[in-house]
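Novice: Have a look at this one before I ask anything.
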Amino acid sequence: MTSSERKEQAEAAKDRKATYGADIDLDEYQFGGNPQKMAADQISEDDKDLVEEVGFRTDQKGVSGSFAQFDNESILADVLMSQEGLEVMPISQALTKYDWLSDYLWNAVSVDTDKYTARSELESYDGYFIRALPGQKIRMPVQTCLVMKKKQFAQNVHNILIAEEGSELHIVTGCATPSTVEQSLHLGVSEFYVKKDARMTFTMVHKWNEAVDVRPRSAAIVQENGVFVSSYAILSPIKSIQTYPKVRLVGKNARAELYSVVYGTKDSVYDIGGSLMLEAEGSSGKVISRTIATENSEIIARGDLQGRVAGVKARLECNGLLLSKSAKIVAVPVLDASAEGVELSHEATVGKVGADQLNYLMSRGLTEDEATSLIVRGFIKLQAPDLPPALQRTIDEAVQLTLEQGL
Amino acid sequence: MYMTPLLEIQDLKVSIDGSQILNGVSLQFEAGKVYAVLGPNASGKSTLAKAIMGLPEFNITSGDILYNGESILDDNITERANMGIAYAFQIPPAIPGVRFDDFICRICPEYQCKEPEGHFMGKACSCRMELYDDFERLGISNLAYRDLNEGFSGGEQKRSELFQVLAMQPQIMFLDEPDSGLDYDSLKLVGRELKSIREKGTTTMVVISHHRYILEFLEVDVVYILQGGRLVYTGDMEDIPVLAEKGYERFLSEMKEAA
């Protein structure tokens, strides 16, 4: 698709409402910006505190590369000197450097999906490009962070991540906004490409505030024997988020696992989903969500498994825990099989903390609050078997921190 | 001289969902002794233990429970547990995401790690090592890293419950059918463990059971038999073989006649 064709398609879709989530008037926001490169030591102390809250290490210890973007203004992109086979750079720079990259742009995600993708294309954007070269096993994670500080502003990013054939790539990413920001919008398009025999894990922790709307548009394409694992935790209040990443398993024995943890607070509305399209022989996967709704929060947990060829296998779990009378959880599991011998299963539960569990723990000397907190912690614990232990810890720590403040 | 018993039940009436299960039970448990609470199915044995533990679905409609001479009816489960009352559940609920070994360390001060975090550079704390040794003694090493009660077999549930209750070092423990579903080897393990507690003499043990093996092995001091929500017989060890031979119905009717 040429650049002008893309613009044309985007133009045609620029008023198309999204299937899910409250509609946002994009004209209320200011777009644009021309990000300048910066070095790690140029990050202000306040910004350091903010990004570190979502797990970004400004000392860059234990990571193979880093990318941080502040509004649409400044960008940090760094690869550890000794790290071979890894590329981390602003997408604008990557698109200039590699002609072939335009084939990846709006390939996994369609530019005319809805008004958010359309507008994202029509406005100027930046974002990150991260690639593991063929055969390169990059064990230490690449860290990325997107920070939004300006008011009435739309942060518009487009990310492309590629794990080339036989490679291994781990990304840990955090998005954050200071608690003082008023009414802002984050549009994030992310396209993941996992090639033959490659593995990619993507671990994301979100920390927004009550005045921020977030509309990520993500999709992945996984080829033969490829593995894609996405773990997502949103633990802060937000005005609204609607996200529904879609994974296409197009190669034989491709596998994908999508985990999400939502801890709902205040008046926030979370519409979180995950979709797996099993298109190739032997492909398999899981979509697992654990949601906890407190205060007046509302959580919609969607899951969608589509089996298109015989013998594919996938599992969907949406488990919700209601901790407040005025909170709400809706679980929407969808299984769609259009071939013989497809094996899809789901489990959806929504409930409150069980009295029998509480009584049991209290009989071991815990107070009611301690018992509730232990049950909630256990419930929300994400156990993604393919996640490197360090990243599992990142998620665990973020969850624990939130629960300590919340319970 | 009258010694205040550790736990005294006075004319206790208990109902669940409006139907009365205990119809006025009075009995006592003295410090350091071993009791068997026996009786046919649905006689109220478990209800008695659970009401003493304070589980809220057991509604006490009249009577009193005195612990060291003071009523504990206003104390909740946590408070009763902290006073030294423990109850080993027959069917404990699963708590997903809470590892068995972590949980034990949480509830038992003696297994808690006293060293600051990060002190061990990947090595386990000595309290943990002790814990794993103790797990081994009860044959539950395989449970250490599993989620609490999640998918535990009947025998594993019994041993895990017993382990937890013992580790809490209570004043009085209620063991609700600690021997059901155990194979011979596990039965011996559990029996030996209980026997060693008895020999220390610091804990009152109340065993609810249908089987004579554990009771005889433990050499119980007092036997209480409940029937229809009432205490119908008080005896000792010597009654157990007779009971096993005759069954409750015949045993109790013969006792009635003799009286």
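Novice: Consider B:Glu161 against the criteria (1) among the charged types (D, E, K, R); (2) farther than 21 Å from B:Ile240 by Cβ; (3) open to solvent by 10 Å² or more (accessible area, probe 1.4 Å): it satisfies all of them except one. Which criterion is unmet?
Specialist: Tallying (1) among the charged types (D, E, K, R); (2) farther than 21 Å from B:Ile240 by Cβ; (3) open to solvent by 10 Å² or more (accessible area, probe 1.4 Å), B:Glu161 fails exactly one: (3).
Novice: Looking only at residues that are assigned to a helix (DSSP H, G or I) and β-branched (Val, Ile, Thr) in segment B:183-232, which one is surrounded by the fewest Cβ atoms within 10 Å (Cβ to Cβ)? Spell out the reasoning first.
Specialist: First pass over segment B:183-232, keeping only residues assigned to a helix (DSSP H, G or I): B:184-200, B:212-218.
If we keep only those that are β-branched (Val, Ile, Thr) as well, we get B:190, B:197, B:214.
Details: B:Val190: 22, B:Ile197: 18, B:Ile214: 23.
Looking at the filtered set, the residue picked out is B:Ile197.
Novice: Just checking, which of A:Leu26, A:Leu76, A:Leu50, A:Leu105 is at pLDDT 95 or above and of a type in the set (A, V, I, L, M)? Before the answer, list the steps.
Specialist: On the way: A:Leu26 fails: at pLDDT 95 or above; A:Leu76 fails: at pLDDT 95 or above; A:Leu50 fails: at pLDDT 95 or above.
Being at pLDDT 95 or above and of a type in the set (A, V, I, L, M) holds for just one of A:Leu26, A:Leu76, A:Leu50, A:Leu105, which is A:Leu105.
Novice: Return the pair list, or none, for Cβ contacts closer than 8 Å from residues in segment B:231-259 that are among the acidic types (Asp, Glu) to residues that are open to solvent by 50 Å² or more (accessible area, probe 1.4 Å), at least 6 apart or on different chains.
Specialist: Listed by first residue and then by second, the contacts come to B:Asp236/B:Asp221; B:Glu254/B:Lys246.
Novice: Search segment B:68-101 for residues being at the interface with chain A (Cβ under 7 Å from one of its Cβ atoms) and under 13 Å from the mean Cα position of the chain (by Cα), and hand back the single one that is surrounded by the fewest Cβ atoms within 10 Å (Cβ to Cβ).
Specialist: My answer is B:Pro92.
Novice: If you check A:Asp46 against the conditions, is it open to solvent by 70 Å² or more (accessible area, probe 1.4 Å), in contact (Cβ under 8 Å) with a residue 60 or more places away in the chain and over 22 Å from the mean Cα position of the chain (by Cα)?
Specialist: Values: open to solvent by 70 Å² or more (accessible area, probe 1.4 Å): yes; in contact (Cβ under 8 Å) with a residue 60 or more places away in the chain: yes; over 22 Å from the mean Cα position of the chain (by Cα): yes.
Criteria met by A:Asp46.
Novice: Keeping to segment A:230-242, report how many residues are buried (at least 24 other Cβ atoms within 10 Å of the Cβ) and of a type in the set (Val, Ile, Thr).
Specialist: Summing the residues that are buried (at least 24 other Cβ atoms within 10 Å of the Cβ) and of a type in the set (Val, Ile, Thr) in segment A:230-242 gives 2.
For every residue, the table says whether it meets (1) open to solvent by 40 Å² or more (accessible area, probe 1.4 Å); (2) not hydroxyl-bearing (Ser, Thr, Tyr).
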residue	(1), (2)
A:Leu76	no, yes
A:Leu86	no, yes
A:Ala94	no, yes
A:Leu101	no, yes
A:Leu105	no, yes
A:Ser110	yes, no
A:Tyr116	no, no
A:Ser120	no, no
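Novice: Moving on. Being farther than 30 Å from A:Ser283 by Cα, surrounded by fewer than 20 Cβ atoms within 10 Å (Cβ to Cβ) and more than 14 Å from chain B (Cβ to nearest Cβ) is the requirement here; does A:Lys313 meet it? Outline the logic, then answer.
Specialist: Details: farther than 30 Å from A:Ser283 by Cα: no; surrounded by fewer than 20 Cβ atoms within 10 Å (Cβ to Cβ): yes; more than 14 Å from chain B (Cβ to nearest Cβ): yes.
No.
Novice: Starting from residues that are assigned to a strand (DSSP E or B) and farther than 16 Å from A:Met204 by Cα, keep the ones in segment A:257-270 and report whichever is least open to solvent (accessible area, probe 1.4 Å).
Specialist: From segment A:257-270, those assigned to a strand (DSSP E or B) are A:257-264, A:269-270; that's our starting set.
Okay, now just the ones that are also farther than 16 Å from A:Met204 by Cα, so A:264, A:269.
Values: A:Gly264: 0, A:Val269: 50 Å².
My answer is A:Gly264.
Novice: Let me ask something else about it. So which strands (runs of 3 or more DSSP E) stay within segment A:311-407 end to end and still have 1 or more residues that are under 18 Å from B:Asp147 (Cβ atoms) and either at pLDDT below 95 or not aromatic (Phe, Trp, Tyr) (or both)?
Specialist: The qualifying strands (runs of 3 or more DSSP E) are A:313-322, A:343-351.
Novice: Hey, does segment B:46-63 have a residue that's of a type outside the set (Val, Ile, Thr), more than 14 Å from chain A (Cβ to nearest Cβ), touching a residue at least 12 places away in the same chain (Cβ under 8 Å) and crowded, with 21+ Cβ neighbours inside 10 Å?
Specialist: There is at least one residue in segment B:46-63 that is of a type outside the set (Val, Ile, Thr), more than 14 Å from chain A (Cβ to nearest Cβ), touching a residue at least 12 places away in the same chain (Cβ under 8 Å) and crowded, with 21+ Cβ neighbours inside 10 Å.
Novice: Would it be correct to say that A:Ile292 is open to solvent by less than 10 Å² (accessible area, probe 1.4 Å), part of a strand (DSSP E or B), in contact with a Phe, Trp or Tyr (Cβ under 9 Å, 6 or more places away or on another chain) and modelled with pLDDT under 95? Break it down into steps so the answer makes sense when it comes.
Specialist: Values: open to solvent by less than 10 Å² (accessible area, probe 1.4 Å): yes; part of a strand (DSSP E or B): yes; in contact with a Phe, Trp or Tyr (Cβ under 9 Å, 6 or more places away or on another chain): yes; modelled with pLDDT under 95: yes.
For A:Ile292, the condition - open to solvent by less than 10 Å² (accessible area, probe 1.4 Å), part of a strand (DSSP E or B), in contact with a Phe, Trp or Tyr (Cβ under 9 Å, 6 or more places away or on another chain) and modelled with pLDDT under 95 - is met.
Novice: Right, next: Filter segment A:122-141 for residues that are closer than 29 Å to A:Ala12 by Cα and surrounded by 20 or more Cβ atoms within 10 Å (Cβ to Cβ) and give the result. Steps first, please.
Specialist: Looking only at segment A:122-141, we keep the residues that are closer than 29 Å to A:Ala12 by Cα, and these are A:122-129.
Matches in segment A:122-141: A:Tyr125, A:Asp126, A:Gly127, A:Tyr128, A:Phe129.
Novice: Considering segment B:233-259 alone, what residues qualify as being loosely packed, with under 12 Cβ neighbours inside 10 Å and not in a helix (DSSP H, G or I)?
Specialist: The answer is B:Glu238, B:Ala259.
Novice: Under the condition of being more than 9 Å from chain B (Cβ to nearest Cβ) and within 25 Å of B:Ala51 (Cβ to Cβ), which residue from segment A:342-362 is most open to solvent (accessible area, probe 1.4 Å)? Give the derivation first.
Specialist: Pass one, segment A:342-362, residues more than 9 Å from chain B (Cβ to nearest Cβ): A:342-353.
Now restrict to residues that are within 25 Å of B:Ala51 (Cβ to Cβ): A:352-353.
On the way: A:Lys352: 161, A:Val353: 24 Å².
Restricting to residues being more than 9 Å from chain B (Cβ to nearest Cβ) and within 25 Å of B:Ala51 (Cβ to Cβ), the top hit is A:Lys352.
Novice: Next up: Among the residues of segment B:23-44 satisfying the criterion of being open to solvent by 60 Å² or more (accessible area, probe 1.4 Å) and over 22 Å from B:Thr61 (Cα atoms), which is farthest from the chain's Cα centre (by Cα)?
Specialist: The residue in question is B:Asn41.
Novice: Can you confirm whether A:Asp396 is open to solvent by 70 Å² or more (accessible area, probe 1.4 Å) and within 11 Å of chain B (Cβ to nearest Cβ)? Working first, answer last.
Specialist: Details: open to solvent by 70 Å² or more (accessible area, probe 1.4 Å): no; within 11 Å of chain B (Cβ to nearest Cβ): yes.
It is false that A:Asp396 is open to solvent by 70 Å² or more (accessible area, probe 1.4 Å) and within 11 Å of chain B (Cβ to nearest Cβ).
Novice: While we're looking at this one, here's another question. It is to be established whether one or more residues within segment B:165-182 are over 14 Å from the mean Cα position of the chain (by Cα) and either surrounded by fewer than 20 Cβ atoms within 10 Å (Cβ to Cβ) or at pLDDT 90 or above (or both). Before you say what the answer is, go through the steps one by one.
Specialist: Quick first cut of segment B:165-182, residues over 14 Å from the mean Cα position of the chain (by Cα) only: B:181-182.
Subsequent filtering for residues that are either surrounded by fewer than 20 Cβ atoms within 10 Å (Cβ to Cβ) or at pLDDT 90 or above (or both) retains B:181.
Yes, some residue in segment B:165-182 is over 14 Å from the mean Cα position of the chain (by Cα) and either surrounded by fewer than 20 Cβ atoms within 10 Å (Cβ to Cβ) or at pLDDT 90 or above (or both).
Novice: Could you grab me the full set of residues in segment A:363-377 that are more than 21 Å from B:Asp75 (Cα to Cα) and either among the charged types (D, E, K, R) or facing chain B (nearest Cβ under 7 Å) (or both)?
Specialist: Result: A:Leu374, A:Ile375, A:Arg377.
Novice: Moving on. Looking at segment B:140-151, which of its residues are within 19 Å of the chain's Cα centre (by Cα) and either surrounded by fewer than 19 Cβ atoms within 10 Å (Cβ to Cβ) or away from chain A (no Cβ under 13 Å) (or both)? Steps first, please.
Specialist: Keep residues of segment B:140-151 that are within 19 Å of the chain's Cα centre (by Cα), which gives B:140, B:148-149.
Passing the criteria: only B:Ile140.
Novice: Give the residues of segment A:195-219 that are surrounded by 24 or more Cβ atoms within 10 Å (Cβ to Cβ) and either on the phi > 0 side of the Ramachandran plot or over 17 Å from the mean Cα position of the chain (by Cα) (or both), sorted by residue number.
Specialist: A:Ala198
Novice: Please work out which one of (1) of a type in the set (Lys, Arg); (2) out of contact with any Phe, Trp or Tyr (no Cβ under 8 Å at 6 or more places or on another chain); (3) under 21 Å from A:Pro237 (Cβ atoms); (4) in contact (Cβ under 8 Å) with a residue 24 or more places away in the chain is the condition A:Lys325 fails and give its number.
Specialist: (4)
Novice: Counting only residues that are open to solvent by 10 Å² or more (accessible area, probe 1.4 Å) and hydroxyl-bearing (Ser, Thr, Tyr), how many does segment A:157-189 have?
Specialist: 2
The values are calculated or read from the model by the stated rules, or taken from the named source; none is laboratory data. These figures come from a predicted structure and were not determined experimentally. Cβ coordinates were reconstructed from backbone atoms using ideal geometry, including for glycine residues, and neighbour counts include every protein chain displayed. Side chains are part of the model used for accessible areas, which takes the heavy atoms of the whole protein and leaves out ligands, DNA and RNA. Shrake-Rupley method; radii C 1.70, N 1.55, O 1.52, S 1.80 Å.
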